[in-house]
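What follows is a single structure, written as structure tokens, with notes after it.
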Amino acid sequence: LEEADTDSFRSYALKIVENSKALADAFIKRGVKVVTGGSDNHLLLLDVTPFGLNGRMSETLLRECGITLNRNALPFDPNGPWYTSGLRLGSAALTTLGMGKEEMEEIADIITSVLSSAHPVTLTKGERAGEKSKIKAKAEKSVMEEAKNRVNALLSSFPLYPTLDLAWLEKEFIK
């Protein structure tokens, strides 16, 4: 509580909300449905059904690109709590890394690009052969590779522990 009472913490909290709003606005600008119409806190919720995907597929595809987020049920979700129709994104970790509005634009662009190129995999075996999978989706290989490169570029510019000497750690601990 003592930390939360400082000006620097208040500033940090405001930056988290600014980034969340910027991220929501960036998705809206790209035509992605933000369920709440924007954000006034650290979270936003996307509806991925217009992409022909569910939350579970989307979460998995984006994780393959190095983006960590959660699938999340939407109000009255037809896909239920396991597969879901949404994704939940937060801005606190991004803000802690030092990212700002420009990076929120880049993140929204990467996510939109991956989801736009994705489609559910058609099952080839079992009693559901010929049906669309509820679990697996594929995106264009070139889009996935580009997304991974863009995520790595962001993370290189905003390292988790900028003062950590990775060369020393590798030399000392990875022999």
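The values are calculated or read from the model by the stated rules, or taken from the named source; none is laboratory data. Since we're looking at a predicted model, the values are computed, not measured. When we count neighbours, we look across all protein chains shown, and the Cβ atoms used for this are built from the backbone with ideal geometry, even at glycine. For the accessible areas, the whole protein counts, side chains as well, though only heavy atoms, and no ligand, DNA or RNA atoms are used. Shrake-Rupley method; radii C 1.70, N 1.55, O 1.52, S 1.80 Å.
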Next item on the list: Sort through 68, 60 and tell me the only one that's open to solvent by 60 Å² or more (accessible area, probe 1.4 Å), under 17 Å from residue 93 (Cβ atoms) and β-branched (Val, Ile, Thr).
Entry: 68
Check: Mind checking which pairs have a first residue in the stretch 29-56 that is within 13 Å of residue 90 (Cα to Cα) and a second that is of a type outside the set (A, V, I, L, M) and surrounded by fewer than 16 Cβ atoms within 10 Å (Cβ to Cβ), Cβ under 8 Å, 6 or more apart or different chains?
Finding: 44/36; 44/38; 45/36
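Which members of the stretch 41-57 meet the condition of being touching a helix residue (DSSP H, G or I) at 6+ places or on another chain (Cβ under 7 Å), open to solvent by less than 40 Å² (accessible area, probe 1.4 Å) and within 22 Å of residue 140 (Cβ to Cβ)?
So the first thing to find is which residues in the stretch 41-57 are touching a helix residue (DSSP H, G or I) at 6+ places or on another chain (Cβ under 7 Å), and the list is 41-44, 46, 48, 51, 53-56.
Retained after the next criterion (residues that are open to solvent by less than 40 Å² (accessible area, probe 1.4 Å)): 44, 46, 48, 53-55.
Residues satisfying the conditions are 46, 48, 53, 54, 55.
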Check: So, of the residues in the stretch 85-115 that are polar (S, T, N, Q) and surrounded by 16 or more Cβ atoms within 10 Å (Cβ to Cβ), which turns out to be nearest to residue 156 (Cα to Cα)?
Finding: 95
Notebook entry, point to check: Which ones in the stretch 116-138 are part of a strand (DSSP E or B) and open to solvent by less than 90 Å² (accessible area, probe 1.4 Å)?
Noted result: 118, 120, 121, 122, 133, 135, 137
Margin query: I'm checking my understanding of the structure. Among residues of the stretch 139-161 that are open to solvent by less than 100 Å² (accessible area, probe 1.4 Å) and part of a loop (DSSP other than H, G, I, E, B), which one is modelled with the lowest pLDDT?
Written below: 159
